Amino acid sequence: MLFTSLRVQQRGVRWPLPQNGRTCDLQVHVQRTLTNSSRLYSRTPHHSIPCAHPKHDIRQCSLQTSAKFRYRTPNPFSSSISSGYCTHRHHPFAMSSTFTPPVSVDNNQYRLPTNLKPKHYDVTIKTDLEKLTFQGLVKINLDVVAGTSAITLNTSGLDLTKASLTSNALSGEQALEVSTFDKTQERTTFQLSRNLPAGSTAELKIGYSGELTGSMMGYYKSAYEVDGKTKHYALTQFEPTAARRTFPCWDEPLLKATFAITMISREGTVNLSNMQSISEEPLNPGVNTSSDFEEIVASTKNEKWKITKFDTTPPMSSYIVALANGDFEYLESSVEMPLSKKTIPLRIYATKDHIHQAQFALDVKVAVLPLYEKIFDVEYPLPKLDTLVASDFDAGAMENWGLITGRTSVFLLDPERGDLKAKKRVATVQSHEVAHMWFGNITTMEWWNYLYLNEGFATLMGEVIVPDRVWPEWRVNSEFITDHLNRAFSLDAKLSSHPIEVDCPDANHINEIFDALSYSKAASVLRMLSAYIGEDTFLKGVSIYLKKRLFGNSVTTDLWEGISTSSGRNITELMENWITKIGFPVLSVTEDDKGIFVRQDRFLETGAAEDKENETIWNVPLGIVTDKDGKRFVDHSPLLSERATHINLDTSKPFKLNAGTSGVYRVLYTPERLAVIATEAAKEHSIFSLDDKLGLVHDSFALAKAGLAKVSSALTLVDLWKNEKEYLVWSGIGESIAALNSTFWESPETVDDLNALRRTLFSPLVKQLGYDYPAKESPDTRLLRTLAISQAASAKDEGVIAEIQSRFKHFVETGDNSKIPADLQRAIFSTAVKHGGRSEWEAMVKLHDKPKTPQEKIAAIVSLCATQDDGLIKETFEFIEKKARDQDVFYFFAGLAANFKARRALTDYFHQNYDALYKRFEGNFSLHYLVTYSSDYYSSTKDLKKIEDFFKDKDSSKYKLALAQALDGIRARAAFVDRSKEDLKEWLAKRA
Ligand SMILES: [Zn+2]
């Protein structure tokens, strides 16, 4: 899954990617960690577990001495990797021998009982897009692993109409009654009159109905307009725990099964699922439906319906099953796969109003799908790969196997007016989701604590390694430093962060760990490993890992074992602390006449870590860059694996650590050394690379924020680089100064001085680059122009504002947008509203209601939120209530949070409307964002108390990580302001 992002400039940080933190009590966490599977497993290689025999009864395993422990045992159901075919419909998918059921009789109340294992689901769903309801019948083939007289599985929001059981150990079909429904755990239990013996098989049949709600979870409705009329289609979003809202199931990633989906729908609509359809014909009750379906098809009399049957899937987890029904159109292409030599049809589906903007996302699939097959050396196992573009979508995109789904802003690009950022976004999101077809879908994390195995990999493979091969000119590896590494740092520098591999027992916790740590930090740590051992070796290890876990599940050590094999090193030991410990280190570098001392301590944004928070020793690849005969030389071999060490080095020449900023750590040099490095880096042919410079910018500001260096020294470094040519360095500088501005937002004098500084840096770039975007210039020049104009406008450069206003006026008066380059759309609209009045604001309302592209709509939302007029701010809140789509509300919050004038009003609005907003977004990912965006900008202890007081009596279980992170953020800013305001003031005064 992937989330959407929105960078709002004034704020200086990237909104609203997940940036949650951990709040659970440290002691509880440590205790849990000690009893956690991975830890036990990582110290006990599975080949040494005594119950390795395939017939060994897992419940008698000698290691199972404590019910608290959950660990890997070999699959008792399948004995050999090459044993071939799963039984149902003889599907040719080899089952891995490493299927690992959770050990039964576990007291873990959050996991389903494991006495029954689902093997195959037959799911039939009738979708009625007029009544906005669905009816279903699910038949589940079960293996009875341990004798039981109760069947417990997940259901939520479904009305169960009938249930029955057929067993090879009991005679006849038995009707079942629901004996209990646990609303919190979303579980239904059927009590049986007789015991199902171990080793037997059974078929559970359940009929049910449900509503297509607008919740963006389970099977839900999405709205669009045709000729002024609202129409609906239906699609699914299951990850992490919403498959149970569409059909009763064992809704846990470990419990893989095959799925055969049948869809009944009104004639003229399109049915989509994971696999290709094997038949589609008019519905003829009794002829192409069995007696089981009487109830379902009864209502179709005298109307035209159809029935579509889809082929059976490979063994898969329930959260990547998908369905959709609606009036969709499609674009199609195909690609020959390098390994299988099969031709795979690729389609992208959208409603009629959107399909003309879907070509680029399709082109991306054509470019990347074969690359993944080649890199992983594992065949793409499905016969097709579709993408469906949805108008209502909670996250950004979702990797359902064979049927990727996502919101319009991540998949649509206007061929005439696509801006470069939007283009990159479409490419990286589509590529990220395609990476999941292997990572996550073929091989799936055993439980949600290993979510990062899915997301860290999809981020690194899908957003860096593969795009870098297709679009090298985009320099995605360098962009990663700002977009992911720095974002991971900013969350992980908080006390309320959590380890990448995090305990997450229940559904509330699962939603919260889709955060910057599972995505960005996990990807950063993997990128560091890849740089340390070399990308080819790294990818070879990944391929070994995937092949070993085909159609199975995995835990962290499985991956490390694969990379250990390819590299010949003990990767498990090397990576252990990066995955299982909270935080990351700052390296302090001091010098003597023989070389350097390097010491590691945990980095916290609030200042030096106390001893109890500073116990972890990481294995840190030092990546030392030195000058060898005037040329750049990198020694990747030194590894710091103790608290401190001394390294011999000629310090009379320039050097720096963390080559290419591939390491997950910050580096603190003495002021004298930093000055030498900065001077060297400013040279035209420096031994320090673009990536080195990006790291230096971000480190300097972060170290200043933490009080380990002065903010004036970070600004001095920026001043030294004012002739910089690289977009990415400017982007890092712009973001860092905007963040300072945002921190000191209630000190008008400081804001004015910082704006003056920004003008001296960015206005000359605007003069140099102008406002036009020639077709043949480099991507970085385009982006630099957009950045410079946005920064200068935000810093109140009067000339730039006047130019923007005149372009906007022409657009509003004539409807001609030729003076509004797509790349400048957001900057022009929001500047015009910020410095305008009602007519500018109303122009944005119009644009919001009838946008030509998804990017235009987001630009309109951000611009509505930029108004400085109190009355219009109030009307913006009304707009959120009456007109905004649920999926867009967090954009409004992000936009208002970036507007200093609206911040206090936003907090008040959120607090006054808390109950209604909670109800509207309960269960959605958006809820976390609303909590963060309505508070995470204050810089004083007084405001900290105000926020704490508000949440004191609230049930924060669904967003407690986000809240803890926001509160930590306020604490850090308050301390930073106290510590730095004089230093900052003095530096700015001196420079002026
Ligand atoms: Zn993902």
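Filter segment 717-750 for residues that are assigned to a helix (DSSP H, G or I) and among the small types (G, A, S); which is surrounded by the fewest Cβ atoms within 10 Å (Cβ to Cβ)?
Step by step, filter segment 717-750, then rank; the result is A739.
Within segment 323-334, is there a residue that is within 30 Å of K117 (Cα to Cα) and free of Cβ contacts under 8 Å to residues at least 12 places away in the same chain?
No: segment 323-334 contains no residue that is within 30 Å of K117 (Cα to Cα) and free of Cβ contacts under 8 Å to residues at least 12 places away in the same chain.
Hey, could you check segment 465-478 for residues that are surrounded by fewer than 23 Cβ atoms within 10 Å (Cβ to Cβ) and assigned to a helix (DSSP H, G or I) and say which is farthest from the ligand (Cβ to nearest atom)?
Applying the filter and picking the extreme gives E473.
So H356 ticks every box in (1) touching a strand residue (DSSP E or B) at 6+ places or on another chain (Cβ under 7 Å); (2) over 25 Å from I465 (Cβ atoms) but one. Which box is left unticked?
Exception for H356: condition (1).
With respect to the numbered conditions (1) open to solvent by 20 Å² or more (accessible area, probe 1.4 Å); (2) within 16 Å of the ligand (Cβ to nearest atom); (3) modelled with pLDDT of 95 or more, which one is the sole condition not fulfilled by T444?
The one condition T444 does not meet is (1).
Only one residue in A860, A843, A898 is aliphatic (A, V, I, L, M) and touching a His at 6+ places or on another chain (Cβ under 6 Å), so which one is that?
Residue meeting the stated conditions: A860.
Check whether at least one residue in segment 428-440 is open to solvent by 10 Å² or more (accessible area, probe 1.4 Å) and within 14 Å of the ligand (Cβ to nearest atom), and report yes or no.
Yes.
Name every residue in segment 224-236 that is open to solvent by 10 Å² or more (accessible area, probe 1.4 Å) and within 21 Å of I125 (Cβ to Cβ), in order of residue number.
Correct list: K231, H232.
Just the residues that are aliphatic (A, V, I, L, M) and either within 10 Å of the ligand (Cβ to nearest atom) or not in a helix (DSSP H, G or I) (or both), please, taken from segment 449-464.
L451, A458
Determine whether Y330 is surrounded by 24 or more Cβ atoms within 10 Å (Cβ to Cβ) and not assigned by TED's automatic domain parsing to the domain that holds L142.
Taking the combined requirement at face value, the residue does not satisfy it.
Check L170, L235, L204, L255 and return the single one that is at pLDDT 95 or above and outside any strand (DSSP E or B).
Going through L170, L235, L204, L255 in turn, the sole match is L255.
Which residues, counting only those in segment 638-657, are out of contact with any Phe, Trp or Tyr (no Cβ under 9 Å at 6 or more places or on another chain) and surrounded by fewer than 18 Cβ atoms within 10 Å (Cβ to Cβ)?
P638, E642, R643, N648, D650, T651, S652, K653
Starting from residues that are surrounded by 15 or more Cβ atoms within 10 Å (Cβ to Cβ) and among the acidic types (D, E), keep the ones in segment 802-824 and report whichever is nearest to the chain's Cα centre (by Cα).
Out of the qualifying residues, it is D823.
Test E948 against the stated conditions and say whether it is modelled with pLDDT of 95 or more and more than 21 Å from R903 (Cα to Cα).
So E948 does not fit the description; no.
Evaluate segment 486-493: report whether one residue or more is within 16 Å of the ligand (Cβ to nearest atom), among the small types (G, A, S) and modelled with pLDDT under 95.
no
Give, as residue ranges, the helices (runs of 4 or more DSSP H) completely inside segment 513-573 that count at least 3 residues that are farther than 24 Å from A397 by Cβ, open to solvent by less than 30 Å² (accessible area, probe 1.4 Å) and among the aliphatic types (A, V, I, L, M).
Those helices (runs of 4 or more DSSP H) span 522-533.
How many residues does segment 399-421 contain that are open to solvent by less than 10 Å² (accessible area, probe 1.4 Å) and either among the small types (G, A, S) or within 16 Å of the ligand (Cβ to nearest atom) (or both)?
11
With the checklist (1) among the charged types (D, E, K, R); (2) under 25 Å from L495 (Cα atoms); (3) free of Cβ contacts under 8 Å to residues at least 24 places away in the same chain in hand, flag the one item D908 doesn't pass.
(2)
The values are calculated or read from the model by the stated rules, or taken from the named source; none is laboratory data. Everything numeric here is computed off the predicted structure, so don't read it as measured data. All Cβ positions, glycine included, derive from the backbone under ideal geometry; neighbour counts span all protein chains shown. Areas reflect the complete protein model, heavy atoms only, side chains present, ligands, DNA and RNA absent. Shrake-Rupley method; radii C 1.70, N 1.55, O 1.52, S 1.80 Å.
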